Amino acid sequence: MRNIKIDYENLGDANRPFFEEYKKIFAETLESGWFILGKNVERFEKEFALYCGGGFCIGVASGLDALILSLRACRFRPGSEVIVPANTYIATILAIIQCGLRPVLVEPDIRTYNIDAARIEEQITPETAAIMAVHLYGKVCDMDAVISIAKEHGLKVFEDCAQAHGAMFKGKKAGTFGDAGAFSFYPTKNLGALGDGGAVLTGNAEAAEAVRMYRNYGSRVKYYNDVVGFNSRLDEIQAGFLLVKLRHLDEINLRKRELARLYLENLKDDFIKPVVLPDHYDVYHIFNVRHPKRDALNEYLLKNGIKTEIHYPVPPYRQKAMTPFLSGQNYPVTDEIHNTTLSLPLSYAHSDDDILTVVDVMNKF
């Protein structure tokens, strides 16, 4: 084959179209001399809340912190159970454990990789306090089913939206279905900063105020602390960069959807491709395929100059850190996904030719 070099992702190239805007807002922030909880954070919080459809947005230091502070704001009884998909990224489960709560894993739907709503009720006990829905890879869960189950059993609903900025279900954006949505702005996200960052989105004014206190040492007024809090604040420079990126988010999502369509229409059916469902607007933070010879496929692509990733090679319940919390359980659907999934190049920086080249190489596997 011809000489090929296609990165999985190049963050320099992906951000290059915004460099001039970044430089301008960086200079303005530098000159202002105000770097923590200033006008950039306030503006971003307002604009992101409006983009998502309303409510309150509270900027925090990371996606993990967004999850932790969302749960903290509800002040659940220690040891309460939170239902969570078994195949999520480990951060979702770490947040539950860090809050003194117990994760209860539910298998995903093998087609969508999101939580299988049909399996949720069998895991509900008198100790269950909440359901944590994770919109994996950029596809929103079946939130009609999740919300219906939660209402029937009097449970809170949280959304892990770390991979779903701008994704929609029935015209409604991720993060606006439940009691709170947690977002990550890690640089690889569709709405990515140039460092760590996160946000909590909620329609509940009391919960929003609680998260604001928790992120700032448990304080409403400087030097007066009402609760045992954290230092978890989205900084002014990252908020400024996010303001720039937010104005291009729909364009970024649309471009990723166009590139995903090239894969969907041209890859052979030897590869299990992401399912496309009515009522879903997917934003393809990750474009994954599944194949029984995943490792051989991965090696073949690398030999041919194409870099890929695996999201994720080891399920949370098999991680050493989770042994005290999740040992003695078995999740065959989760194992099947983790053993066969492969993430293909698909970023704002890739061209149509890049994707079609990957398709051509893969179809010869």
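Bear in mind that the values in this text are calculations on the coordinates, not laboratory data. These figures come from a predicted structure and were not determined experimentally. Here the Cβ is made from the backbone with ideal geometry for all residues, glycine too, and neighbour counts use every protein chain on show.
Summary table
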read-out	value
Some residue of region 177-199 being surrounded by 24 or more Cβ atoms within 10 Å (Cβ to Cβ), touching a Ser or Thr at 6+ places or on another chain (Cβ under 6 Å) and aromatic (Phe, Trp, Tyr)	no
Conditions (1) surrounded by fewer than 22 Cβ atoms within 10 Å (Cβ to Cβ); (2) touching a residue at least 60 places away in the same chain (Cβ under 8 Å): number failed by ALA162	(1)
Unique residue being touching a residue at least 60 places away in the same chain (Cβ under 8 Å) and out of contact with any Cys (no Cβ under 8 Å at 6 or more places or on another chain) when the list is LEU71, LEU101, LEU67, LEU50	LEU67
Test for LEU267: is it surrounded by fewer than 17 Cβ atoms within 10 Å (Cβ to Cβ), over 19 Å from ALA164 (Cα atoms) and of a type in the set (A, V, I, L, M)	no
Hits in region 100-118 (condition: more than 16 Å from VAL157 (Cα to Cα) and surrounded by 17 or more Cβ atoms within 10 Å (Cβ to Cβ))	GLU107, PRO108, ASP109, THR112, TYR113
Any hit, region 47-54, residues being outside any helix (DSSP H, G or I) and surrounded by 14 or more Cβ atoms within 10 Å (Cβ to Cβ)	yes
Residue in region 123-144 that is touching an Asp or Glu at 6+ places or on another chain (Cβ under 7 Å), surrounded by fewer than 18 Cβ atoms within 10 Å (Cβ to Cβ), charged (D, E, K, R) and in a loop (DSSP other than H, G, I, E, B) present	yes
